[in-house]
Structure formats: structure tokens, C-alpha cells
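First the structure, in the form of C-alpha cells, and then the observations on it.
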Amino acid sequence: MDVADQAQDTEQLERDNAIRNAHRIPRRVPIDKVCIDCGYEIEAKRREANPGTKRCIDCQTEHEGGGA
Ligand SMILES: [Zn+2]
């Protein structure tokens with residue numbers, strides 16, 4: 001692992017920790033399973049349909065400027 005990879009890794013960890021702290025997400029809950037906006041766990045169905053999604057359906061809709 002070179003320095004750039006390491007830096008990116010640390011950055012990722014710090015971001016994850018910030019999200020955890022902001023939403024009080026327990027350590028046992030994988031950070032990639034929760035919404036980065038509200039901190040609630042993202043539905044398994046949604047994660048299966050949208051691999052790599054970082055928001056729950058509500059926050060994603062809001063993020064995309066929907067709300068119609
Ligand atoms: Zn959300």
C-alpha cells in the first residue's frame with residue numbers, strides 16, 4: 001500500500017467516523033448500510049437494487065431535488 005492509498009484510507013475512515021458520530025450509529029452497524037444523511041439503515045432491497053447507494057430512498061429523493 002503506498003502513501004496515497006493510505007491517505008485515502010484514513011480519509012475514508014475519518015468520514016465514516018464523522019457520519020457515525022453525527023448519527024450515533026453503533027459500531028456493529030456497517031457504515032455502508034446506513035444513510036449518510038439521516039443515519040437510518042438503508043433497506044436491504046434498496047441496497048440490492050442500487051449497490052453502493054449512500055442514502056435511503058427519502059434522502060435520495062430530496063437530494064435529487066424531487067419532492068413532487
Ligand atoms: Zn436518509
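Annotations for the structure displayed:
- About the Cα centre, charge dipole magnitude for the chain (Lys/Arg +1, Asp/Glu -1 at Cβ), debye: 400
- Rounded tilt (10° steps) of 3-23 against the dominant C-alpha axis of the chain: 40
- Computed per residue of the chain from DSSP H runs no shorter than four, each worth -39500 (n - 2.57), the mean residue ellipticity at 222 nm is -15500 deg cm²/dmol.
- Across region 3-63, C-alpha contacts under 8 Å between residues 6 or more apart give a mean separation that, scaled by the residue count, equals a relative contact order of 24 percent.
- Loop-located GluC sites (Glu not before Pro) in the chain (DSSP state other than H, G, I, E, B) with a sparse environment of at most 16 neighbouring Cβ atoms within 10 Å: E43, E64.
- Model label sites at C38 and Q6, defined 7 Å from Cα along the beta-carbon direction, differ in position by 4.0 nm.
- Once backbone amide H atoms are built at 1.01 Å from N, V34 has I42 as its partners under 5 Å, excluding neighbours fewer than 5 places away on the same chain.
- Cα convex hull, the chain: 112 Å³ per residue, rounded to a whole number.
Read-outs throughout are calculated quantities, based only on the coordinates presented, and are distinct from any laboratory measurement. It should be emphasised that the depicted structure is a prediction, and the values quoted were computed from it without experimental measurement. Methodologically, a virtual Cβ is constructed for each residue, glycine included, from the backbone with ideal geometry; neighbour enumeration extends over all protein chains shown.
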